[in-house]
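Visitor: Got a structure for you, questions after.
The values are calculated or read from the model by the stated rules, or taken from the named source; none is laboratory data. Everything numeric here is computed off the predicted structure, so don't read it as measured data. Note: ideal-geometry Cβ built from the backbone for every residue, glycine included; neighbour counts use all protein chains shown. Please note that ligands, DNA and RNA were not included when accessible areas were found on the heavy atoms of the full protein model with its side chains. Shrake-Rupley method; radii C 1.70, N 1.55, O 1.52, S 1.80 Å.
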Amino acid sequence: MSNRMVTVEGLGKRYKLGGPTGFDPRARMSENLKRITGGKREDFWAVRDVSFTLDRGEAVGIIGRNGAGKSTLLKMLSRITVPTEGRFTIDGHVSSLLEVGTGFHPELSGRENIFLNGTILGMRRAEVRRKYDEIVDFSGVQKFIDTPVKHYSSGQKVRLAFAVAAHLEPEVMIIDEVLAVGDVEFQRKCLGKMKDVANSGRTILFVSHNMSAINSLCSRCVLLDAGRVEAMGEPGAITSQYLNKNNDELTGEKDLSSSPISSDGAGRITHLRWTNTNGKVIDHAQVTQAFDLEVDFEIAERGYKPQPVALVYNSKGEQAFMTFPGEGNHPTEPGRYRASLHFPANLFNEDTYYVSFWFCTWLPHKVHLVLENAISIQVLDDLESPTRAPSYATVTGMLRPKFQWDIAQL
Amino acid sequence: MRITVDAKHWKVLPDLRELFAHRDLFLTLAIRDLKVRYAQTVLGLAWAVVQPLATLIIMSLIFGRAVQVETGNVPYPLFAIVGISAWSYFAFVLKESGGSIIGAQEIVRKIYFPRLIIPLSKAAVGLMDLLVALLMMIALFVWYGVSPSAHLIFAPLYLVLIIVVALGTGIWISALSIRFRDLQHVVPFMIQFGLFITPIAYPASKITASVPHWVQVMYFLNPMAGVVEGWRWSILGLGDPGGLCILSLVSGAFLFVTSFIYFRSMERVVADLV
């Protein structure tokens, strides 16, 4: 028997824009279209000419920036959407987790939702019944299992959903970013479960933005760019190729110079960029590196004393902190200014951090502008990082400051 | 199990084997809908009785008492409940199956399974209401001390036909509304309008006796017209299931077969459209 589990040949998916009524092109797609085709053509190839194969027990990671076609590719392989050209063959039962908790019904209890979700994901009812206790155990919501899911916290919902998904036993598993959910403790549980799945000889296709998850889980990695395979090979090499690619479409820099002055006339923020200590624009940094966030802004009207306020969030949307120049440390005259915010080395943990801005006057307090998720940076973990645990276990927490420890014999 | 997807090859008819393989999902979805339907309502399951009962009372007052529709020696409420049982199931499937794909778009966008499971499971939920209406019918038979007609052995056949016509229409609407959301607004109107142009509150002979032949043909192109007439004939022995009623059976069968073909063609693009 052949060990070939998945064969993909010349797969492509074309979206037509401005097509028949009812077509609902997502905003990002039309943006892509305009960028790629200059707004003229009506066709947009989300994926084109993709070929690869997977053998039994292989775990393949798929990476690429937003809009590169990762999700469209997975959607085709999980048969949610039909390819426009090419073909693929999968030997064996497939389960796809494009989002955990699909089909959960808020009025039904946890118990009923386990059956509902399990069968939607392709399990037989008897199979769900057999694994029921295990699923409940894994989810950690035993106490609420007969409560309608609408009374669950979002964390509990995700736990329950992943618990169901983790007990599927497909030969080929297609996963899109499930690691982005839940608290750190639960994420580690999930990652462990996925490693078990990979080691048990099942074949995995895994899309993620989490490079360390790709590196630790996958045996091979595919880099997609503009719908095509740009590189394929050993995960370490491919992920660093992806991260090092000098690509101005990553959010290392954001030009807002065409944005209007705030409606109250106070001013505006015109430019944001991350720079390393040499002044070079960057979109990622190591945990052990210091880097700066430069904010160019304009004060337009005398009378207001606006200053930028940075609110920093981790990738789960939890706020890490808020920082601002403070009173008496900023210009008040109209003009253009550049604020540099210096982040020390060994402050951030391994994660993607998002920065939102307020442009505001403190006294009297007035917020002139709000920029949600204005810019982001990916902070990577150096294997030799001094704050890393010696066993290479995940260091948990929203931040990872390096503190001084003194230990003396008593 | 081997799955091959090729952009160049697409089956025109649904894959029945695949459909059967997903019977557990069908069952779970139907159970879910039954459970959710009366969750957090004060009357709960009683609603399944209250709705047809209210329709029956209103109809008996208006058409039985006030208008005095001629129903031979069959008491009017008994005459009406036979029509109501068929029509309320048809209306339920039209509404629930018709809007089911749009309603399930969250799932459709994320998980693959034969989409036909969705409208089919909705139609299965309606069988519960049909059962309640049939029980009410039996109760009325007992109440009035009337015995059913000798054609009763044909009743199961017409029951199947009611389901077939309802499914055909419901599946058509569910597939059409993927592209034309307007249908969501048309369905309530269709149900209201259909109640008048189907022999529910009155016998079809009222129509055949009073309008020219071409209007009769139009009337019986409505598949429910002939099926309801036949259903009533099999239970009460009233009316004539032959003649133009055959036209309804033909249009119903046509609707049923084409609904699967059209649904299949929409299945191809549904995830891109919803």
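Visitor: Size of the dipole of chain B about the Cα centre, Lys and Arg at +1 and Asp and Glu at -1 on the beta carbon, nothing else charged, in debye to 20?
Guide: Numbers: 20 positive and 14 negative charges, 126 e Å.
With Lys and Arg at +1 and Asp and Glu at -1, about 600 debye.
Visitor: Could you name the lysines in cross-link range of residue A:16, using Cα to Cα under 24 Å and dropping any fewer than eight places away on the same chain?
Guide: Residue A:16 reaches A:34, A:40, A:70, A:75, B:8, B:11, B:110.
Visitor: What does a probe at residue A:257 reach in the stretch A:278-319, counting residues whose amide N is under 15 Å from the point 7 Å along Cα→Cβ?
Guide: Under 15 Å, as judged by backbone N against the label point of residue A:257, lie A:295-298 of the stretch A:278-319.
Visitor: Show me the trypsin sites (Lys or Arg not before Pro) within the stretch B:1-86 that DSSP assigns to loop and that have at most 14 other Cβ atoms within 10 Å of their Cβ.
Guide: B:8, B:11
Visitor: Moving to a separate point now. Compute the length gained on full extension between residue A:315 and residue A:87: take 0.36 nm times their separation in residues and subtract their Cα-Cα distance, giving the result in nm to one decimal.
Guide: Additional length available on full extension: 78.5 nm.
Visitor: Right, here's the next one. Roughly to the nearest percent, how much of the accessible area of chain B is carbon and sulfur, given a 1.4 Å probe?
Guide: 71
Visitor: Using a 1.4 Å probe on protein heavy atoms only, how many Å² of accessible area do B and A hide from each other, summed over both chains and rounded to 100? Let's see the in-between values first.
Guide: Values: alone 14880 and 20920 Å², together 32180 Å².
What B and A bury together is about 3600 Å².
Visitor: Here's another thing I want to ask about it. Lys/Arg Cβ at +1, Asp/Glu Cβ at -1, dipole of the protein assembly as shown taken about the Cα centre: which of B:66, B:10, B:234 is farthest positive-ward?
Guide: B:234
Visitor: When only C-alpha pairs under 8 Å and at least 6 residues apart count, what is the relative contact order of chain B, in percent? Could the numbers behind the result be given before it?
Guide: Working: 332 pairs, mean separation 68.7, N = 274.
Computed value for chain B: 25 percent relative contact order.
Visitor: Can you give the FRET efficiency to the nearest 0.05 for residue A:395 and residue A:14, using r as the Cβ-Cβ distance and R₀ = 45 Å?
Guide: Numbers: r = 44 Å, r/R0 = 0.98.
Efficiency, rounded to the nearest 0.05: 0.55.
Visitor: Where in chain B are the helices, taken as whole DSSP H runs, whose Cα atoms extend 24 angstrom or more along the long axis and whose Kyte-Doolittle mean reaches at least 0.0?
Guide: B:76-96, B:117-144, B:155-179, B:245-267
Visitor: Which order, highest average first, do B:81-88, A:299-306 follow once you tally other Cβ atoms within 10 Å for each residue and take the mean per peptide?
Guide: Order by mean packing, descending: B:81-88, A:299-306.
Visitor: Also: For residue B:27 paired with residue A:3, estimate the spin-label separation in nm (one decimal), with each label point 7 Å from Cα along the Cα-to-Cβ line.
Guide: Distance between label points: 3.9 nm.
Visitor: Okay, next question. Place a +1 charge on the Cβ of each Lys and Arg in the protein assembly as shown and a -1 charge on the Cβ of each Asp and Glu, then give the dipole magnitude about the Cα centre in debye, rounded to the nearest 20.
Guide: Details: 68 positive and 63 negative charges, 246 e Å.
The dipole magnitude comes to about 1180 debye.
Visitor: In the stretch A:253-380, with Lys and Arg counted as +1 and Asp and Glu as -1 at Cβ, which of these residues, A:341, A:315, A:282, has the Cα nearest the positive end of the dipole, that is, farthest along it?
Guide: A:341
Visitor: Students often forget the sequence filter, so: which lysines lie under 18 Å Cα-Cα from residue A:366 once same-chain residues fewer than 8 apart are removed?
Guide: A:305
Visitor: Continuing with the same structure: Which aspartates and glutamates have a Cα less than 17 Å from the Cα of residue A:254, not counting those fewer than 8 places away in the same chain?
Guide: Within the straight-line limit of under 17 Å, residue A:254 reaches these aspartates and glutamates: A:31, A:283, A:292, A:294, A:296, A:298, A:372.
Visitor: Quote the charge dipole size of the stretch A:253-380 about the Cα centre in Debye, to the nearest 20; the model charges only the Cβ of Lys and Arg (+1) and of Asp and Glu (-1). Can you show the working numbers first?
Guide: Numbers: 10 positive and 15 negative charges, 43 e Å.
With Lys and Arg at +1 and Asp and Glu at -1, about 200 debye.
Visitor: Among B:85, B:143, A:136, whose Cα sits farthest toward the positive end of the charge dipole of the protein assembly as shown (+1 at Cβ of Lys/Arg, -1 at Cβ of Asp/Glu, about the Cα centre)?
Guide: The one lying farthest along the dipole's positive direction is B:143.
Visitor: In Å², and per residue, what accessible area does the stretch B:188-239 have when probed at 1.4 Å with the other protein chains present?
Guide: On a per-residue basis, 45 Å².
Visitor: Here's something else I'd like to know. May I ask you to derive the FRET efficiency for residue B:213 and residue B:62 from their Cβ-Cβ distance with R0 = 30 Å, giving the value to the nearest 0.05?
Guide: It comes out at approximately 0.55.
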